[in-house]
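Before any comments, here is the structure.
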Amino acid sequence: RLVHLDLKGAAPRAQYLEQVLPLLRALGATGLLLEYEDTFPYTGPLEVLQAPHAYSPQELQALLSWARAQGLDVVPLLPLLSLQFVLKHRQFAHLREVKELPNALNPHKEESLALVKAMIDQVMALHQDLQWFHIGCDEVYYLGEGEESKQWLQQQNNTPQKLCLSHIKAVATCLAWSYPMVTPIVWDDMLRGISEETLAESGVPQLVQPMIWDYATDINVEGKVQLIEKYRRCGFSKVWFASAFKGATGANQSLTLIGHHLRNQLEWLQVAQRSPADVLEGIALTGWQRYDHFAVLCELLPVAIPSLAVCLQALKNGGFSEKVKENVENILGMPNLEIETFMSPGLGTFPGSSVLTLVTQISFHLKSSVDELLERNRYSTGWFSPYHRKRKIIHPIIVHHLQPDAVRLFSKWSAVVQDLQAAMEQVFPRCAIEEWMEENVHPHLQKLQEVVEDLDEA
């Protein structure tokens, strides 16, 4: 049971992860799937890939030793075919499959494979005793649309599927040659539609383990069982599943609906029950932080910890009951966990629980309270409309009716935001806090501030 930490957005501080790892272990996690992207401390020609908030080598080594101390296996993840965080840089733009788009790596350039090898080597140098290495390979958009690929596809018997498989094979072989003890894992979406014969002939099944992902609440269980059988017949020795505990219900989602993710785990349990016992290697509970490198942030990790707790416990216990729910509540210090509705702000003793409380408060009430004042208050709409505000015209008595409410609301939310900022500083670097605030707080708080200033001036 791998917990996926998507570090390409709002990557938590190392000290916060140190507090969270024992909790993950207590809830039933057996490993971490670490999607580093631009938070890895690359060196040499790759140093440009580091984000300003990337982990230092010392922080990363500390994190890996904390994981070992908790008995958690670590599986690094590098999306080695769809390298947006690399291909966006001018230095690597010449390796794009399509010149204008930083989506896919050009599979025909020797330099592409050299880049992949350099990245693998740097990640491997910091990790010990790895059993698996996830090489991504999902949603490789625009592969086959570059000029060299178009020429390659004109040759007899060449197809987009074969191009994809040869690319996966090249990357997996690159890993296998240098690190024969490590098994590559790939997301399976690029493989699903490929015929058994083509898959078997490609040699890919002997090199990698596919991770079948589906984050829905109504998985086609029968279809998944058949897909596993197809992968077995092609020569894949083992398969993985991938569910989601957050980051799969909306690109700009700020709160996690536990019920959705719980149902997703229960569906996967059904698939597992109907699959041969020796075929399943494990499951990764994904927690996407952005839908891709250029997207906004979705739910922050502390906000989704109750969902992760419920999902892990459901998988560990083979289902979810009142007793399991009670256990989760005890571990998290949350007396009444709400599964089918968004959490109401409340107690919790887990690391980062104050972030959850304050984010919930803001998500539920900030926008609605500002709208109430500006769009549904009769003094605001009738006597201090945008027309009045622009010209700073107001009857003095309206100031007495409107200003105290506006000032009180602005003071209240400024205090809540200040508390949230302080709570988030314990968990995230400044850039993540700024981004979350600019997306979720500033547009509403700014409106409020402007009306307070306009009242004052008028």
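Amide H contacts of L81: C137, each under 5 Å away and 5 or more positions distant or on a separate chain (H built 1.01 Å from N in the peptide plane; Pro and chain starts excluded). For the chain, the share of DSSP beta bridges that are antiparallel, to the nearest 5, is 5%. Note that the range 378-389 has calculated 3J(HN,Hα) couplings of 5, 5, 5, 6, x, 10, 9, 6, x, 4, 5, 4 Hz, one per residue in order, obtained from phi through the Karplus relation 6.51 cos²θ - 1.76 cosθ + 1.60 (θ = phi - 60°); glycine and proline are x. Shown for the chain are the DSSP H helices of 30 Å or more along their axis, judged by Cα atoms, with a mean Kyte-Doolittle hydropathy of at least 0.5: 353-375.
Placing unit charges on the Cβ atoms of the charged side chains and taking the dipole of the chain about its Cα centre, the candidate lying farthest along the positive direction among L113, V407, G146 is V407. Only the Cβ atoms of Lys and Arg (+1) and of Asp and Glu (-1) were treated as charged; on that basis the dipole of the range 99-229 about its Cα centre amounts to roughly 360 debye. Each peptide among 362-368, 169-175 gets the average number of other Cβ atoms lying within 10 Å of its residues, and from highest to lowest they stand as 169-175, 362-368.
Taking amide H as placed 1.01 Å from N in the peptide plane, the amide H of A284 sits under 5 Å from that of L2, F241, A242, S243, each at least 5 places away or on another chain.
Built from the Cα atoms of the chain, the convex hull projects on average onto 25.0 nm², one quarter of its surface area.
Would the range 248-327 count as rounded, prolate or oblate if I go by the C-alpha gyration tensor, calling it rounded below 1.5 in a/c and otherwise prolate when a/b exceeds b/c, oblate otherwise? Verdict is oblate for the range 248-327. The Rg/Rh ratio of the range 113-195, with both radii computed over alpha carbons and Rh defined as the Kirkwood radius, is 1.02.
The charge dipole of the range 353-457, taken about its Cα centre with unit charges on the Cβ atoms of Lys, Arg (+1), Asp and Glu (-1) only, comes to about 440 debye. The mean sequence distance of close C-alpha pairs (under 8 Å, at least 6 residues apart), as a share of the length of the chain, puts its relative contact order at 14 percent.
Taking packing as the residue-averaged number of other Cβ atoms within 10 angstrom, the listed peptides 315-321, 77-83, 125-131 run from highest to lowest as 77-83, 315-321, 125-131.
Put simply, the amide H of L32, placed in the peptide plane, has neighbours under 5 Å in V3, D73, V74, V75, leaving out anything fewer than 5 places away on its chain.
The numbers here are math on the coordinates, done by the rules we state, and not lab data. All values reported here derive from a predicted model rather than from experimental measurement. Every residue, glycine among them, receives a Cβ derived from its backbone with ideal geometry; neighbour counts consider all protein chains shown.
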